[in-house]
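Encoded as structure tokens, the structure appears first; notes follow it.
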């Protein structure tokens, strides 16, 4: 029972991880850039919903468009003001550039909101839980899982079924060929950043319902997202979905596993260590990921 | 020399040492390495633990720390250098965070509380315990000069040339018969040894270490940043970077310390610097100097 419960909880949180990692993998697929500041977009999305809820008394779930919009604007702004310049330089400069953006947003949040831990305490679903059969789900986590799935499906539909989405895919597969087909790749890059920022903004808005927002929260989730992206294969969208769920299950099962065999060493404080280790092992053993399409 | 200036100078030389170490793999080798803090930790913990447990003098425990760092870097470097670019950079962060998590929870080594070094009543050269900063100052200065001479030799050594070749074009380097992976591992180990020396020094100088101070990700970033800002792949780059950032750090720290509500501004200025440098002059301050020198000719 404990195991099945952990499994279900893992799937719910895994759906959210998949949504966080989605933006990272889209950006990576389209322009081969790793966005270290991705976790900070998430953090700002969390704060956006928190403050809307705090000042305007709007339910956190209804405040999601605010965080989505903030994420999209952030993505767009960082593309036009920073990433475009970084693209001209060597790879090392690109890494450091997004790293700088990450530090900047972290300490901007520290400056504006202080280092306090903040969590939403009022809302329709906050503090409620539902029992389905023998299993009890927290309302916020259930909503986060379901809404993540819906957001993911919308983006997936957009990328695979609409003309613009297909153009984006074409840019990811071969930039030069896409240019010859009349696709404005610069705009596609910007679009990738908008999608990346928007989805992670939504994820942040969902996360703040049951997780503390603080300026340094991003690094933890960006590492999880890196693990998902590596597991799914860098740039693969289907892959990142399954990988997110797998990582979610891994994270939830690990403490349960430790509990079952009665080992203190496998306690919950190591559950993220496992994620880091997983990343390391995956990229070393199978760099193309489980469902990879790009090397 | 005032004691404040001396403290800043010690920090400056310590970070130059770290930066020069990082420069072997990160600068000359062109591999974005963001996990140097784990070697600071290894150096610091070896010295501290051996002193606390077995009263081993600093002069013996520091070389042992270097050896452990070398061994560990070979073990971890072997799988690590199957990776390139972004994959490699993230993997180095991962290994560093795993080690920090372990030390954070391992009661034998003090867990998150850290360890305090026993304080001797009288100054003791063997244990590197002095009443005044002056001795530490000259000691780190000695290391600093050794590092400069070593780096000057290194950049003209066979390995130095091989690394630059690898950085420019891996395929070409391989076709010339250079064992790429082995070269990178060697450079990585040299970098680790440098950093472990600095870590050992940090333990005896601060007399207290915990995972948050010697293994934090921000330390890895600072090390790479100083070298990058000053100019990676140049002899003077890391030194210029440290000479620029360490006093800035101190100045901002003491200036902002008096103004409540301004926390974070110092790092925001840092971050702006990183973004501007990577967008406009990835070769750093040394790159700008080179540009002017070429124009002058």
Seminar exercise, completed: Quick calc, residue B:148 & residue A:81: beta-carbon distance into FRET formula, R0 51 Å, rounding 0.05, result 0.85
Exercise. Between residue A:160 and residue B:289, what is the FRET efficiency for a Förster distance of 56 Å, r being their Cβ-Cβ separation, to the nearest 0.05?
Worked result: 0.65
Seminar exercise, completed: Expected max-MSF residue from A:209, A:57, A:35 in the GNM of chain A (alpha carbon, under 10 Å) is A:57
For this session: Would you work out if segment B:31-153 is rounded, prolate or oblate? Take a ≥ b ≥ c from the square roots of the eigenvalues of the alpha-carbon gyration tensor; rounded if a/c is under 1.5, else prolate when a/b is larger than b/c, oblate otherwise.
Result: oblate
Exercise. Quick one: Cα centre-to-centre distance for segment B:101-122 and segment A:197-234, in angstrom?
Worked result: 32
Exercise. Which of the peptides B:264-270, B:164-170 is most tightly packed, and how do the rest follow, judged by the mean count of other Cβ atoms within 10 Å per residue?
Worked result: B:264-270, B:164-170
Seminar exercise, completed: Note on segment A:126-253: contact order normalised by length, alpha-carbon pairs under 8 Å, 6 or more apart, percent, works out to 16
Seminar exercise, completed: The helix A:271-285 Cα axis meets the longest alpha-carbon principal axis of chain A at an angle in degrees, between 0 and 90 and rounded to 10, of 40
Problem set entry | Ranked packing of A:230-240, A:118-128, most packed first, by mean Cβ within 10 Å | A:230-240, A:118-128
Exercise. Quick one: if the Förster radius is 30 Å, what FRET efficiency do residue A:112 and residue B:252 give, using the C-beta to C-beta distance and rounding to 0.05?
Worked result: 0.95
For this session: Beta carbons within 10 angstrom, averaged per residue: use that to sort the peptides A:166-175, A:215-224, highest first.
Result: A:215-224, A:166-175
Exercise. Per residue, what volume in Å³ does the convex hull of the Cα atoms of segment B:3-216 enclose?
Worked result: 116
Exercise. Taking the inverse of the average 1/r across all pairs of different Cα atoms in segment B:153-221, what Kirkwood radius in Å do you get?
Worked result: 14.2
Exercise. Helix-derived [θ] at 222 nm for chain A: sum -39500 (n - 2.57) over DSSP H runs of at least 4, divide by residue count, nearest 500?
Worked result: -23500 deg cm²/dmol
Exercise. According to the square roots a ≥ b ≥ c of the eigenvalues of the Cα gyration tensor, what is the shape class of segment A:86-138, taking rounded for a/c under 1.5, prolate for a/b larger than b/c otherwise, and oblate for the remainder?
Worked result: oblate
Seminar exercise, completed: Where a ≥ b ≥ c are root eigenvalues of the Cα gyration tensor, a/c under 1.5 meaning rounded, otherwise prolate if a/b exceeds b/c and oblate otherwise, segment A:112-193 counts as oblate
Exercise. Considering every residue in A:279-288, what mean count of other chain Cβ atoms within 10 Å of its Cβ is obtained?
Worked result: 5
Exercise. Averaged over peptide A:107-114, how many Cβ atoms belonging to another chain are found within 10 Å of each residue's Cβ?
Worked result: 4
Exercise. Any idea what Rg and Dmax come out to for chain A if you just take the C-alpha atoms, in Å?
Worked result: 18.8, 61
For this session: For segment A:2-285, calculate the relative contact order in percent as a whole number, restricting contacts to Cα pairs under 8 Å that are 6 or more residues apart.
Result: 39
Problem set entry | Within 10 Å of each Cβ in B:76-87, the average number of Cβ atoms from other chains | 4
Exercise. With Rg and the Kirkwood Rh both taken from Cα atoms, where does Rg over Rh land for the protein assembly as shown?
Worked result: 0.98
Exercise. What nm distance separates the two modelled labels at residue B:6 and residue B:171, each placed 7 Å from Cα along Cα→Cβ?
Worked result: 5.8
Problem set entry | Inter-site label distance for residue B:53 and residue B:82 at 7 Å from Cα along Cβ, in nm | 3.1
For this session: In nm, give the distance between the simple-model label positions of residue B:157 and residue B:213, each being 7 Å from the Cα along the Cα-to-Cβ direction.
Result: 3.2
For this session: Please find, in a Gaussian network model of chain B (springs between Cα atoms separated by less than 10 Å), the residue of B:111, B:147, B:203 whose mean-square fluctuation is greatest.
Result: B:111
Exercise. Between segment B:149-181 and segment B:1-70, what's the alpha-carbon centroid distance in Å?
Worked result: 25
Seminar exercise, completed: The relative contact order of chain B, taking Cα pairs under 8 Å that sit 6 or more residues apart, comes to a percentage of 35
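Bear in mind that the values in this text are calculations on the coordinates, not laboratory data. Not measured: the values here are computed from a predicted model. Neighbour counts run over all protein chains shown; Cβ positions are idealised from the backbone, glycine included.
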